[in-house]
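Asker: A single structure is presented below for examination.
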Amino acid sequence: MKGAIQVLLYGLERSGKSTLISSYQKGEFRPGIPSTAHQSYDIVVEGKATFSLIEVGGRKEVRRFVEEYLPHVDATIFVIDGSDETTFSEVRREFLRILNNPITLGKPLAVVFNKVDISRTHPSVVIDRLDILNRYDRPHRVFSTTCKIPKSFGDVLVWIHECMEEDKFPLEDKVSRLLTIYIFDMLVEKKEGLPLLALLGQLEIISRTGQVEYNRDKILILLRKLRTKGDLEYDDFKQVWKITDKGRGKLQDPDLIKGTKHEKLRAILDEKETGKALKEQKDVVDEFDIDELAELYKETTKR
Ligand SMILES: Nc1nc2c(ncn2[C@@H]2O[C@H](COP(=O)(O)OP(=O)(O)OP(=O)(O)O)[C@@H](O)[C@H]2O)c(=O)[nH]1
Ligand SMILES: [Mg+2]
């Protein structure tokens, strides 16, 4: 459907993805049949929006297809069979497959704890394992559903629509959250490199080069630079890096990255094929400031 919100529906086999859709569409419980690789559905939520949902089957052999759809969707609905605690470790693995793919940053993520009619587990048990509540890098929400109450799935769609409509996540907020994530991961989880890689991935740098190496020192240098320039500040109480008024002002200036650095970066990325770019490439990425990153971010996330 043209203009429809593109949504990925994912989760292990038998979590209830097809049943959620068919029950919602028919207004009564309609068990789905096991899905093959993928299946698409068009849904109109009256007075709200049109959705084009793509369900990727949850069986092991077809799960890998999910990666192919991620770049093309605006949001993801991740469905969990709340009645089967034995699957929760596997649920976490598949959930991380979505969460850790940089292309999903900033995009709404609905976690649907399904089959509450027969579940003996409190949703918080699996939610804790997924660690979703501590994410700052995308709008997210947990829903409890049962296909026995078909309209409960409508709430998920309405929420996604709201996220898209209101842009609850303005640009500066997104960048600030991304910065928060990588600082947070770096300091607390002692990870090196990944979070900034994620940020760069969102800027489509990763996808162009396949490998931009970053490490903790580079991240700190970038952050220090941004703080010295007054573009960023650290909020001790909330433990987040925030964009200052000054930084925000810069974000709103459309002329900021008219310079040559942007072109230089692109050129270097293009040179990658010739194999001589790596060192120089890192230096150029280092020269980028928050405003420029944000500008690139804006460009690459245009729908
Ligand atoms: N009691 C109960 N059963 C449900 C609910 N949702 C789905 N089921 C049942 O769970 C089974 C699997 O549902 P499907 O909709 O086929 O699951 P799926 O996630 O689409 O599975 P794949 O397509 O194989 O990935 C079916 O027998 C449904 O009847 C629910 O909310 N409550
Ligand atoms: Mg299915």
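Asker: Hey, can you grab everything whose amide H is under 5 Å from the amide H of Leu9? Only 5+ residues off in sequence or another chain; H modelled, so Pro and N-termini drop out.
Answerer: The answer is Ile54, Glu55, Val56, Ile77.
Asker: In addition: May I ask you to evaluate 6.51 cos²θ - 1.76 cosθ + 1.60, the Karplus curve with θ = phi - 60°, for each residue of the range 41-58 and list the ³J(HN,Hα) values in order in whole Hz, giving x for glycine and proline?
Answerer: Each residue of the range 41-58 in turn: 9, 9, 9, 10, 9, 3, x, 10, 6, 9, 10, 10, 9, 10, 9, 9, x, x Hz.
Asker: Would you please name the GluC sites (Glu not before Pro) within the range 29-114 that are DSSP coil residues with at most 16 other C-beta atoms within 10 Å of their C-beta?
Answerer: Here the sparse-neighbourhood loop sites are Glu46.
Asker: Using Cβ contacts closer than 10 Å as the measure, can you line up Lys151, Lys246 from fewest to most? Could the numbers behind the result be given before it?
Answerer: Numbers: Lys151 10, Lys246 13.
Ranking Lys151, Lys246 by Cβ neighbours within 10 Å, fewest first, gives Lys151, Lys246.
Asker: Most exposed first by the Cβ proxy, i.e. fewest other Cβ within 10 Å, how do Ser124, Ser18 rank? It would help to have the intermediate numbers written out before the result.
Answerer: Values: Ser124 11, Ser18 23.
Sorted ascending by nearby Cβ count, the order is Ser124, Ser18.
Asker: Could you put Lys148, Lys60 in order, starting from the residue whose Cβ has the fewest other Cβ atoms within 10 Å?
Answerer: Ordered by Cβ neighbours within 10 Å, fewest first: Lys60, Lys148.
Taken together, the values in this text are just the output of simple stated rules run on the coordinates, not laboratory data. Quantities reported herein were computed from a predicted structural model and do not represent experimental measurements. Positions of Cβ are generated from backbone atoms using ideal geometry, with glycine treated the same way; all protein chains shown enter the neighbour counts.
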